[in-house]
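Okay, structure first, notes after.
The values are calculated or read from the model by the stated rules, or taken from the named source; none is laboratory data. Bear in mind the structure is a predicted one, so any value in this text is a computation, not a measurement. Neighbour counts are summed over all protein chains in view; Cβ atoms, including those assigned to glycine, are modelled from backbone coordinates with ideal geometry. All accessible areas refer to the heavy atoms of the entire protein, side chains included, with ligands and DNA or RNA removed. Shrake-Rupley method; radii C 1.70, N 1.55, O 1.52, S 1.80 Å.
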Amino acid sequence: MKVALKLELRRLFSSKELYIALAIGLALVVWLFVHEVSELSRFEEQYAIYGDKVSGYLYYPKTVFNSCIELEYDALPPILLYLLFPIIAAFPYASTYCKDKKTGYLKNLLVRIDRRDCSMAKYIVSFFSGFLVSGAILLSSLMLTMLLFPMLTPEAVTQNYYVQSGNMWGNLFYTMPMVYTLLYILVDMLWCGCMASFTLLISMFTRSAFLAVTGSFIVFEVLDYVLSLFSLSRFSPITFLRPIQTTDGISLGIILTEFVICMAVSFLGFYFLEREKDVF
């Protein structure tokens, strides 16, 4: 499998789709950073005039922990990023399997590489592509924000933070916010990898690269809508991916259980069924 894995990794890092996905995510990061810098300038101007006499926001400046794209709660860039994450995560590699079947490349590949090794390599690289892209985007935002904004420990009384003490890891956020942020980034990276690998299951039923790329987005958006109808948004990956936790009741148990189920469904569906096919 080592040969197949090296081949697929080489294809991933040489694909223009990988860098397009990164460019889209980083563009949103820079957009938010510019927005936050303008907010900081406005804060400094008001503080210079009114000092501590002005209530609310001016008592506590913007910090890393409500300015990075993970934890900013009312700007457009983070909303767009987390909405589009299934597509951004899938874009670098999702269409590869469809193209391989369509062009006949897969037939030629299977002459040289064992089918099981090929299937496993594609699944691993698919997961890795989503994991890599999401991590690069989220960590870039965190590091860029750290260049300018202070790393003050969040204070709940300022009402400048959306995370509540009763949320998952809420107490950790108000004591060790960097640990909270990094842990949640890891959760997001794992789930983006899961969403990317889920596209391989969808690729079994279509030869359309467009459907392969958007399929994961459609599945998880429909799931989010259905769950919201029954007031079960806490079970929706689209909802619990955002570290600001817009819904009560999110727990690590829910996140890990659904992650294992989704990974199992995509792996079993792709690896154990697709590998048995003799014709593509």
Next on the checklist: Considering only residues that are in a loop (DSSP other than H, G, I, E, B) and in contact (Cβ under 8 Å) with a residue 40 or more places away in the chain, which ones fall in the range 170-223?
Outcome noted: Met204, Thr206, Arg207, Ser208
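Just for the range 188-216: of the residues that are of a type outside the set (A, V, I, L, M) and open to solvent by 50 Å² or more (accessible area, probe 1.4 Å), which one is modelled with the highest pLDDT?
Only one residue tops the list, namely Phe210.
When you scan the range 146-164, how many residues do you find that are among the aromatic types (Phe, Trp, Tyr) and out of contact with any Phe, Trp or Tyr (no Cβ under 6 Å at 6 or more places or on another chain)?
Here is the first cut: in the range 146-164, the residues among the aromatic types (Phe, Trp, Tyr) are 149, 161-162.
Adding the requirement that they be out of contact with any Phe, Trp or Tyr (no Cβ under 6 Å at 6 or more places or on another chain) leaves 149, 161.
Number of matching residues: 2.
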Checklist entry - Among the residues of the range 251-270, which ones are open to solvent by 10 Å² or more (accessible area, probe 1.4 Å), hydrophobic (A, V, I, L, M, F, W, C) and touching a residue at least 60 places away in the same chain (Cβ under 8 Å)? => result Leu252, Phe259, Cys262, Met263, Val265, Phe267
Checklist outcome for this item: When every residue in the range 136-160 that is without any contact (Cβ under 8 Å) to a residue 60 or more places away in the chain and within 12 Å of Ile69 (Cα to Cα) is compared, the one most open to solvent (accessible area, probe 1.4 Å) is Met143
Next on the checklist: With the structure loaded, tell me whether Cys68 is of a type in the set (A, V, I, L, M, F, W, C), under 30 Å from Tyr271 (Cα atoms) and open to solvent by less than 20 Å² (accessible area, probe 1.4 Å) or whether it fails that test.
Outcome noted: no
Checklist entry - Which of the residues that make up the range 224-250 are closer than 23 Å to Ile202 by Cα, in contact (Cβ under 8 Å) with a residue 24 or more places away in the chain and among the aliphatic types (A, V, I, L, M)? => result Ile238, Leu241
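For the range 224-238, which residues satisfy the criterion of being open to solvent by less than 20 Å² (accessible area, probe 1.4 Å) and part of a helix (DSSP H, G or I)?
Pro237
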Item to check | Number of the condition not met by Ser41 [criteria: (1) surrounded by 15 or more Cβ atoms within 10 Å (Cβ to Cβ); (2) modelled with pLDDT under 90] | outcome: (1)
Next on the checklist: I need a count of the residues in the range 1-37 that are open to solvent by 70 Å² or more (accessible area, probe 1.4 Å) and outside any helix (DSSP H, G or I).
Outcome noted: 1
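Among the residues of the range 136-162, which ones are among the small types (Gly, Ala, Ser) and either touching a Cys at 6+ places or on another chain (Cβ under 7 Å) or closer than 29 Å to Ala21 by Cα (or both)?
Step one: of the range 136-162, the residues among the small types (Gly, Ala, Ser) are 136, 140-141, 156.
Scanning the range 136-162 gives Ala136, Ser140, Ser141.
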